Structure formats: C-alpha cells, structure tokens
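In what follows, a structure is listed as structure tokens, so that the remarks can point back to it.
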Amino acid sequence: MLDIALKISLALVVMALLLNVYRLTVGPDMPDRLLALDTMYINSIALIVLMGLWLNTKTYFESALLIAMLGFISTVAVCKYLLRGDIIE
C-alpha cells in the first residue's frame, strides 16, 4: 500500500516540477520566474525525500536539508539583487 502511495506521490511531484519549468520559461515577469524557481527548490526537496522513503535510506534526507539551505540563501540573494541592484551593501 505504501509503495502505491509513493509512486503516485512521485508522479505528482514530477508533474509539479514540469509545470514549474513551464512557468520558469514562459513567465511574464521576473518575479514570476523567481517564484517558479523557488517552488522548484521546494518540489525537488519533496522529490528527494520521497526517494529516500522509497529506497529506505537516510542519505537522501541529509541532501534534502542541504538543498533547502542553499535554496533559501540563493532566493534571498536573488531577491535582494532584484530589489536593490546589489547583493552586498
């Protein structure tokens, strides 16, 4: 039963990633593209956690945590660049 739920979850997360790629390429404004990129980080974290559950290993959870930290820092840096034009004050 868990195997079926994991496969359905993986399919839905992959579909969400594909929709994010579409929004990233077609997005009308730069903030829309930035939000699509940020959502792709979140969906990739979900994908890695689901793969860790499916394969029953703990290594995937550590890599998901690393991607979460890098995604947050890069989103803050890009937002700061878009608002002020400079990252370091």
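The values are calculated or read from the model by the stated rules, or taken from the named source; none is laboratory data. In this text the structure is predicted, and so the values were computed from the model without any measurement. Ideal geometry is used to build each Cβ from the backbone, glycine not excepted, and the neighbour counts take in all protein chains shown. Side chains are part of the model used for accessible areas, which takes the heavy atoms of the whole protein and leaves out ligands, DNA and RNA. Shrake-Rupley method; radii C 1.70, N 1.55, O 1.52, S 1.80 Å.
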Failed item in (1) within 13 Å of the chain's Cα centre (by Cα); (2) surrounded by 12 or more Cβ atoms within 10 Å (Cβ to Cβ), with residue 18 passing the rest: (2)
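Test residue 50 against the criterion of being in contact with a Ser or Thr (Cβ under 8 Å, 6 or more places away or on another chain) and either at pLDDT below 90 or not hydroxyl-bearing (Ser, Thr, Tyr) (or both), and give yes or no. Don't jump to the end; show me each part of the working.
Numbers: in contact with a Ser or Thr (Cβ under 8 Å, 6 or more places away or on another chain): yes; either at pLDDT below 90 or not hydroxyl-bearing (Ser, Thr, Tyr) (or both): yes.
Against the criterion (in contact with a Ser or Thr (Cβ under 8 Å, 6 or more places away or on another chain) and either at pLDDT below 90 or not hydroxyl-bearing (Ser, Thr, Tyr) (or both)), residue 50 qualifies.
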Subset of region 21-48 [aliphatic (A, V, I, L, M) and open to solvent by less than 50 Å² (accessible area, probe 1.4 Å)]: 34, 36, 40, 45, 46, 47, 48
Failed item, numbered, when residue 81 is tested on (1) in contact (Cβ under 8 Å) with a residue 40 or more places away in the chain; (2) open to solvent by 70 Å² or more (accessible area, probe 1.4 Å); (3) among the hydroxyl-bearing types (Ser, Thr, Tyr): (1)
